[in-house]
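The values are calculated or read from the model by the stated rules, or taken from the named source; none is laboratory data. For clarity, every value in this text was computed on a predicted model and none was experimentally measured. So basically every Cβ, Gly included, is an ideal-geometry build from the backbone, and we count neighbours across all protein chains shown.
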């Protein structure tokens, strides 16, 4: 990996108002630390930094020039505005070109899986960054993950990835990187059971309860087999 030059200037610790003015002028505060030297507060032009990152990725080696001196650094941390997502502060770490270091490298899916195109499956991208250990000059820009042979219910694990010589994987080797899964089956609502033929709902009549002594409603039939009430006996004449 080649080294890209980035300029910076020293800065004193300043108030929030001064930092706001700094950002309005197209600059951002930064700090560099690590190695045998003391931490140093810096000012970096944000457009120059973004241009370097877009062209070379997050793990780019930078030759950070401050005044008449220069140091090889990696971008350690980026702080962004919660609303605009603009870069508002960065940390640089000094590194030794002869010492191993640990970094995260991005994983990029390539190809089209038959399990998706033909089988109707869904590609799950589970692991997006790989943790590795290597020399600064061996840091990969990224790693392709070819899914062009994956059928339904097949996947690629960390142990299946092929890395350049001198790069050691630190992740769990049995961990899944990508997986092709079947889409979830849609639930079918149960069909209502039809009422039995000829069955009618019971109707309960509502009305005023007859007062004691009132006769039943006109037209009501007496129960079958019941006798009519006997007429009152005539009085005997004397």
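Results, tabulated for the structure shown:
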read-out: Residue within the range 7-24 that is assigned to a strand (DSSP E or B), within 35 Å of the chain's Cα centre (by Cα) and without any contact (Cβ under 8 Å) to a residue 24 or more places away in the chain present; value: no
read-out: Subset tally (residues that are closer than 21 Å to residue 134 by Cβ and surrounded by fewer than 18 Cβ atoms within 10 Å (Cβ to Cβ)) for the range 72-90; value: 3
read-out: Qualifying residue in the range 112-122 (condition: farther than 30 Å from residue 72 by Cβ, in a strand (DSSP E or B) and touching a strand residue (DSSP E or B) at 6+ places or on another chain (Cβ under 6 Å)); value: yes
read-out: Condition check for residue 75: in contact with a strand residue (DSSP E or B) (Cβ under 8 Å, 6 or more places away or on another chain), part of a strand (DSSP E or B) and under 27 Å from residue 27 (Cβ atoms); value: yes
read-out: Matching residues, the range 18-32, being in contact with a helix residue (DSSP H, G or I) (Cβ under 9 Å, 6 or more places away or on another chain) and either loosely packed, with under 15 Cβ neighbours inside 10 Å or at pLDDT 85 or above (or both); value: 26, 27, 28, 29, 30
read-out: Unique match (being in contact with a strand residue (DSSP E or B) (Cβ under 7 Å, 6 or more places away or on another chain), surrounded by 12 or more Cβ atoms within 10 Å (Cβ to Cβ) and at positive phi) among 35, 57; value: 35
read-out: Residue in the range 39-59 that is under 21 Å from residue 12 (Cα atoms) and free of Cβ contacts under 8 Å to residues at least 24 places away in the same chain present; value: yes
read-out: Evaluation of residue 134 against (1) farther than 30 Å from residue 72 by Cβ; (2) more than 19 Å from the chain's Cα centre (by Cα) (one fails), failing number; value: (1)
read-out: Residues satisfying the stated conditions in the range 90-102, i.e. touching a helix residue (DSSP H, G or I) at 6+ places or on another chain (Cβ under 9 Å) and part of a strand (DSSP E or B); value: 90, 101
read-out: Index of the failed condition, residue 15 passing every other in (1) at pLDDT 85 or above; (2) exposed (fewer than 15 other Cβ atoms within 10 Å of the Cβ); value: (1)
read-out: Residues that are in a loop (DSSP other than H, G, I, E, B) and surrounded by fewer than 18 Cβ atoms within 10 Å (Cβ to Cβ), drawn from the range 141-159; value: 141, 142, 148, 149, 151, 152, 153, 154
